[in-house]
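Taking it in order: structure first as structure tokens, then the write-up.
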Amino acid sequence: AADLRRRILAGELAPGQRLKLDELAALCEVSHMPVREALRELEGEGVLEVFPHRGAVIKGVDERFLRNFYDVRAAIEGMLTERCAERIDDAGIARLAALVAAFEATDPADADALVRRNRELHDTINQAADNPEALRMLGQGRVLADALRVRFGYGTGRVDRIVTEHRALLRAVRRRDAAKAGEVARRHCIGARDDLLARMSG
């Protein structure tokens, strides 16, 4: 499953593409059984649809999908960021500060590295909220959205805005200001949505 996620993120496997069991087993150099298990796992994450005796298809991604995905993401991440601000300890804040700095030090032209750094930062915030049910919902469609970000990159000025928003998030969490942290997180998600849609339409 991790190998297939990586291939989707790298663009080797694209939205709308049909995946056949024999081909995937050969590609990943494994037997059919782990491929079946991986497909079931990815189906549960909302990455693809599995059809009996016909293989699987990576879900297509359009504007409607992305708007719905980011609406859900903004709501859940806003709530998780609020809980993080209430619960995180000093060691957790130090870790967040290091991740914010790591994103800022990343080459702005390297979309793959930026996506990974950004994901690590937000995963750390979300996990600090201690809500596994919300994390499961948040995982739906994430691989597809990240794959599109790697493919299309960031619009002019977007990386600078992300840096500014990350700093605002860190300040709010440091102050244990849950309401402000949640507000910044929701605005951050909507900005990501609008930038990605603009890149795709452009």
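The values are calculated or read from the model by the stated rules, or taken from the named source; none is laboratory data. These numbers come from a predicted model, not from an experiment. Don't worry about glycine lacking a Cβ; one is built from the backbone with ideal geometry, like all the others, and counts go over all protein chains shown. Quick note on the areas: whole protein, heavy atoms, side chains included, nothing else; ligands and nucleic acids left out. Shrake-Rupley method; radii C 1.70, N 1.55, O 1.52, S 1.80 Å.
The condition of being modelled with pLDDT under 95, touching a Leu at 6+ places or on another chain (Cβ under 9 Å) and either hydroxyl-bearing (Ser, Thr, Tyr) or open to solvent by less than 20 Å² (accessible area, probe 1.4 Å) (or both) holds for only one of Ala145, Ala129, that being Ala145.
Would you call Leu197 farther than 29 Å from Gly60 by Cα, part of a helix (DSSP H, G or I) and open to solvent by less than 60 Å² (accessible area, probe 1.4 Å)? When the stated conditions are applied, Leu197 does not pass them. Asn118 satisfies every condition listed in (1) within 19 Å of Leu169 (Cα to Cα); (2) of a type outside the set (Phe, Trp, Tyr); (3) open to solvent by less than 30 Å² (accessible area, probe 1.4 Å); (4) touching a Lys or Arg at 6+ places or on another chain (Cβ under 8 Å) except (4). For first residues located in the stretch 74-95 and within 20 Å of Gly191 (Cβ to Cβ) and open to solvent by less than 20 Å² (accessible area, probe 1.4 Å), partners that are assigned to a loop (DSSP other than H, G, I, E, B) and modelled with pLDDT of 95 or more and lie 6+ apart or on another chain with Cβ distances below 6 Å form the pairs Leu80/Ala129; Cys84/Ala129; Ala85/Arg176. The residues of the stretch 148-188 include none that are more than 17 Å from the chain's Cα centre (by Cα), among the acidic types (Asp, Glu) and closer than 17 Å to Ala98 by Cα. Considering (1) over 24 Å from Ala129 (Cβ atoms); (2) out of contact with any strand residue (DSSP E or B) (no Cβ under 6 Å at 6 or more places or on another chain); (3) surrounded by fewer than 17 Cβ atoms within 10 Å (Cβ to Cβ); (4) not aliphatic (A, V, I, L, M), the lone condition that Phe65 does not fulfil carries the number (3). Of all residues in the stretch 35-66 being out of contact with any Gly (no Cβ under 9 Å at 6 or more places or on another chain) and among the β-branched types (Val, Ile, Thr), which is nearest to Ala145 (Cα to Cα)? Checked the stretch 35-66; the qualifying residue nearest to Ala145 (Cα to Cα) is Val50.
Gly11 falls short of the stated requirement of being more than 21 Å from Asp112 (Cα to Cα) and within 17 Å of the chain's Cα centre (by Cα). Is at least one residue of the stretch 29-47 modelled with pLDDT under 90 and either closer than 30 Å to Arg176 by Cβ or touching a helix residue (DSSP H, G or I) at 6+ places or on another chain (Cβ under 7 Å) (or both)? So far as the stretch 29-47 goes, yes, one or more of its residues are modelled with pLDDT under 90 and either closer than 30 Å to Arg176 by Cβ or touching a helix residue (DSSP H, G or I) at 6+ places or on another chain (Cβ under 7 Å) (or both).
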